[in-house]
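This report concerns only the one structure given below.
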Amino acid sequence: MIRVTVVYEAQLLRAALVDLLRSDDEVSVVSAVSHWPQGPASVPAPDVYVADAECLPPPGAESDAPTTSVAASLEAGGSALLALTPAQRPGALRRAHAAGATGFVDKNGSKNRLLQAVHRVAAGERFIDETLALGFLQAAEMPLTRRELSVLSLAAKGAPVGEIAATLCLSKGTVRNYMASVIRKVGARNRVDAIRIAQGAGWT
């Protein structure tokens, strides 16, 4: 029996995903949560986490957060991560890869592909939907550094320059320089436009 934990923010879709997985007699859904679990686990780790890539932290964010990283959680529990991601959001693929996912399933794929992927990653294999190939190429071209992503992620949450500087232990001038670099790299008109572009690609 493959023990699975589902991580999906939207309650209705999370419940539907649980029902879908339970249609396989060899899969047992042991828990379903809206966000990635933080801190020590109160129950044994599952064999596989089936997670919406949007629920995973963006690359660079974990290094600035006082929480256990996804990759560290997977290693500690001996679990595999199967990420659900849309093909048109390369940033979501990038964050799933950075988190240590060994399986990548297109959200527009079929039920059978998902169940096949669960079995494959549970057996220690890799699984990548062929429809995600272009997304992986685009994800590899993501122009921002980890620090720039950290600054942009906080800005996207509405944090002013002073708060970003305090959170990341940087000067205000350095934060402004990072933001100017982000705007230039993504071809944005301003900070708001840079946030829109980054969110559209799934980088933040």
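Some points to look at:
- Largest to smallest accessible area among Arg14, Arg147 [probe 1.4 Å]: Arg147, Arg14
- At the listed q of 0.15 Å⁻¹, the Debye profile of segment 150-204, built from one uniform point per Cα, gives log10 I(q)/I(0) equal to -0.36.
- Basic side chains Lys and Arg get +1 at the Cβ, acidic Asp and Glu get -1 at the Cβ, and with that the dipole of the chain about its Cα centre reaches some 880 debye.
- Accessible area of the chain divided out per residue, in Å², using a probe of 1.4 angstrom: 49
- Under 19 Å from Lys172, Cα to Cα: aspartates and glutamates that are on another chain or at least 8 residues apart: Asp64, Glu148, Glu163
- Rolling a 1.4 Å probe over the protein heavy atoms of the chain, with every protein chain left in place, gives an accessible area that is 53 percent carbon and sulfur.
- For segment 94-100, the Karplus equation 6.51 cos²θ - 1.76 cosθ + 1.60, evaluated at θ = phi - 60°, returns couplings of 5, 5, 5, 5, 5, 6, x Hz by residue, with Gly and Pro reported as x.
- The H on the amide N of Leu56, modeled in the peptide plane, is under 5 Å from the matching H of no residue at least 5 residues off or on a different chain.
- Each of (1) 143; (2) 124; (3) 115 is a candidate for volume of the Cα convex hull per residue in Å³; the one calculated from this structure is (3).
- Only lysines eight or more places from Lys107 in sequence, or on another chain, were considered; those with a Cα closer than 27 Å are Lys157.
The values are calculated or read from the model by the stated rules, or taken from the named source; none is laboratory data. Predicted model only: the values in this text are computed from it and were never measured. Cβ: placed from backbone, ideal geometry, glycine included. Neighbour counts: every protein chain shown. Heads up: the accessible areas ignore ligands, DNA and RNA and are worked out on the full protein's heavy atoms, side chains in. Shrake-Rupley method; radii C 1.70, N 1.55, O 1.52, S 1.80 Å.
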